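S.K.: First the structure, then my questions, so here it is.
The values are calculated or read from the model by the stated rules, or taken from the named source; none is laboratory data. Values in this document were obtained by computation on a predicted structure and should not be read as measured data. Here the Cβ positions follow ideal geometry from the backbone for every residue, glycine too, while neighbour counts run over all protein chains shown. Protein only, heavy atoms only, side chains kept; ligands, DNA and RNA dropped before computing areas. Shrake-Rupley method; radii C 1.70, N 1.55, O 1.52, S 1.80 Å.
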Amino acid sequence: MLCRKCKTKAVINLPQHNRAFCSPCFTDFLHTQVIRGIKAQNMFTKNERILVAVSGGKDSLTLWQILLHLGYRVDALYVDLGIGSYSEKSREKVNRFTHDVASRYESKLHIHTVEEEEGAGIKDLANLLHRPTCSTCGTMKRYQFNRVAVQNDYDVMATGHNLDDEASRLLGNVLRWQTEYLDKQTPHLPASVEGFARKVKPLYRLTEREIATYAVINKIDYQVEECPMAKGSKMLLYKEMLNRLETESPGTKQRFYWGFLEKQATARQQTTEIVDQDRECLHPCATCGQPTSSEICSYCKMMAKAKTRV
Ligand code: Q46
Ligand code: ZN
């Protein structure tokens, strides 16, 4: 198997693109894919400040590295959820990356420690609230990322969601016909109202396998373990099913998600924009001021309830 560009020995075959690449040409190819995604979705410019949400895993650290390499102005935020050795190890990987790589670009790391700030780790908070850990975690991360981005004047917030994440989420939303989620499943969510940061997913064109290969080739030291709370989740099942389809028919994930984005873009020209919809129903939370559709936002409600149960 030879590299499509330079004809030396290839290290990865990408059947969905009908190409194989050696390490340097693969790295270039992935950079080009990210640039293409940023431009196609009009995500940000080199003058804007970007806050990347990092978990210590391959996707978010790869995103941080690629954006730095491409010359963007990026800092990062790590939310320490307090999930035992998993969080300890993840924090260690993030700190090491900050020290070894990001500091060379004067890129800085913000850390929010749930146990210190909210009084208990995410599992204990979820137990107190009788809520599933992952939904408590989702509310927490969305809230804290938005807060840090807005309070520190970042123009945009970026996450490391990849093609596998987006295709499996799309499958889940379609299977349950959650149209309100489908509307917002885009790699670029505008800052519709004051108090909301713009949100983007620059890796939406890359598969998990491509990102893992990039991380290994470029010596990114990441947390290999998955969060223990993800075990048995529907998302993992959808990913597995899509991987089986991908093996039988290369390009399935790409056709599924990119096809959805094309249809969504056409439909959007005829319907109310997300921005208009949000402006109609969102207003500042009476407690913290972040935008919400109720009087009090879900984070403040969650924390108020947790306090009464301590
Ligand atoms: S980190 Fe949080 Fe995930 Fe862990 S607790 Fe669940 S939601 S699985 S992306
Ligand atoms: Zn609030």
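S.K.: Any residue in segment 132-143 that is assigned to a strand (DSSP E or B) and within 16 Å of ligand 2 (Cβ to nearest atom)? Write out each step before concluding.
M.R.: In the first step, residues of segment 132-143 are kept if they are assigned to a strand (DSSP E or B); the result is none.
No, segment 132-143 contains no residue that is assigned to a strand (DSSP E or B) and within 16 Å of ligand 2 (Cβ to nearest atom).
S.K.: Report, ordered by the first and then the second residue, all pairs with beta carbons closer than 7 Å, sequence separation of six or more or different chains, a first member in segment 122-134 that is under 14 Å from Leu81 (Cβ atoms) and of a type in the set (Gly, Ala, Ser), and a second member that is within 13 Å of ligand 1 (Cβ to nearest atom) and open to solvent by 80 Å² or more (accessible area, probe 1.4 Å).
M.R.: Close Cβ pairs (under 7 Å, with a partner that is within 13 Å of ligand 1 (Cβ to nearest atom) and open to solvent by 80 Å² or more (accessible area, probe 1.4 Å)) amount to Ala126/Pro132.
S.K.: Considering every residue within segment 153-162, establish whether at least one is among the aliphatic types (A, V, I, L, M), in a helix (DSSP H, G or I) and away from ligand 1 (no atom under 14 Å from the Cβ).
M.R.: Initial filter on segment 153-162 (among the aliphatic types (A, V, I, L, M)): 156-158.
Then keep just the ones that are in a helix (DSSP H, G or I); that gives none.
Within segment 153-162, not a single residue is among the aliphatic types (A, V, I, L, M), in a helix (DSSP H, G or I) and away from ligand 1 (no atom under 14 Å from the Cβ).
S.K.: If I ask for residues that are open to solvent by 10 Å² or more (accessible area, probe 1.4 Å), under 20 Å from Thr98 (Cα atoms), in a helix (DSSP H, G or I) and of a type in the set (Val, Ile, Thr), which ones from segment 180-236 would you list?
M.R.: Val216, Ile217
S.K.: If only one of Met235, Met241 is touching a residue at least 40 places away in the same chain (Cβ under 8 Å) and within 16 Å of ligand 1 (Cβ to nearest atom), which one is it?
M.R.: Values: Met241 fails: within 16 Å of ligand 1 (Cβ to nearest atom).
Going through Met235, Met241 in turn, the sole match is Met235.
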